[in-house]
Amino acid sequence: MKKKINSSEIQVGDIGLVDSYSLLARMIKFFMKVYCKLLRLPVRKFYNHAFLVVDIWGTMYVAEALGKGITVTPWESTWYKGSSRVKILRPKKELGEQEKKDLSRIAVTYALQPTRYDFLNFILQIILILTGKWIGPKGKKARKRLYCSEAAATWINEVRPGTFKAPEATNPLDIDLNENFYPV
């Protein structure tokens, strides 16, 4: 079992990948497995949810897209901090102080405005995995509704453009494979 991750070990810009066991989580991981096979990658651990670490007034928070929309929760109040089912990825090139402030501000702004969860994305991701084509919204239109990994990729791209090639189509496996991050 992994050791407990406390707030002094996480940094702004870290992305957490979560391995849950609900029916929906298992369905997402099934399609991540299909996607992995189509990419001809070796078998690996699959994740079904993503969140981003931000700083609000010196306290680490988790910003994430959930069914109720974008939420921001203190790290210490989440079950993630003590779980062996969470993988933390950190940018290889450390974020500068201004990038950290901007990233935190951007994520909190999304939480304060009505940004609904993109439930349709489950179908769009299946189509993307099976066809290789993204048919969902792109750019500003995609930012009106976000799902978890899309939110993390979108927010990172706002401070570091190009980190994710297509943030609107990013899934947990895309985050796990992104060469701009390394596991902590």
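Dipole of region 110-184, Cα-centred, from +1 at each Lys and Arg C-beta and -1 at each Asp and Glu C-beta, to the nearest 20 debye?
420
From the cross-link list LYS45/LYS92; LYS81/LYS133; LYS29/LYS138; LYS45/LYS93; LYS81/LYS165, which pairs have alpha carbons spaced over 27 Å apart?
LYS81/LYS133; LYS81/LYS165
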Query - Dipole of the chain, positive end: most advanced residue of VAL34, GLY96, ALA151 [Cβ charges, Cα centre] - result: VAL34
Query - Shape call, region 59-180: gyration tensor on alpha carbons, a/c limit 1.5 - result: rounded
Requested in this report: Run the dipole for region 1-101 about the Cα centre, Lys and Arg Cβ at +1, Asp and Glu Cβ at -1, nothing else charged, and hand back the magnitude in debye, nearest 20.
Outcome: 720
**Report entry** In region 109-138, trypsin sites (Lys or Arg not before Pro) in a DSSP loop with at most 16 other beta-carbon atoms within 10 Å
**Finding:** LYS133, LYS138
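So if I place +1 on the C-beta of Lys and Arg and -1 on the C-beta of Asp and Glu, and nothing else carries charge, what would the dipole magnitude of the chain be about its Cα centre? I want it in debye, nearest 20.
Details: 30 positive and 17 negative charges, 124 e Å.
It comes to approximately 600 debye.
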Report summary line: Applying the gyration tensor rule to the Cα atoms of region 77-125 (axes a ≥ b ≥ c; rounded if a/c under 1.5, else prolate if a/b exceeds b/c, else oblate), the class is oblate
Requested in this report: Please give the contour-minus-distance gain from LYS68 to VAL43: 0.36 nm per residue of separation, less the Cα-Cα distance, rounded to one decimal in nm.
Outcome: 5.7 nm
Query - Sites matching GluC sites (Glu not before Pro) across region 40-117 that sit in DSSP coil, with at most 12 neighbouring C-beta atoms within 10 Å - result: GLU94
Report summary line: Restricting to aspartates and glutamates and to Cα separations under 15 Å from LYS33, and discarding same-chain partners fewer than 8 apart, the set is ASP19, ASP174, ASP176
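Throughout, read-outs are computed from the coordinates displayed, never taken from laboratory work. What you see is a predicted model, and the numbers here were worked out from it, not measured in a lab. Here the Cβ is made from the backbone with ideal geometry for all residues, glycine too, and neighbour counts use every protein chain on show.
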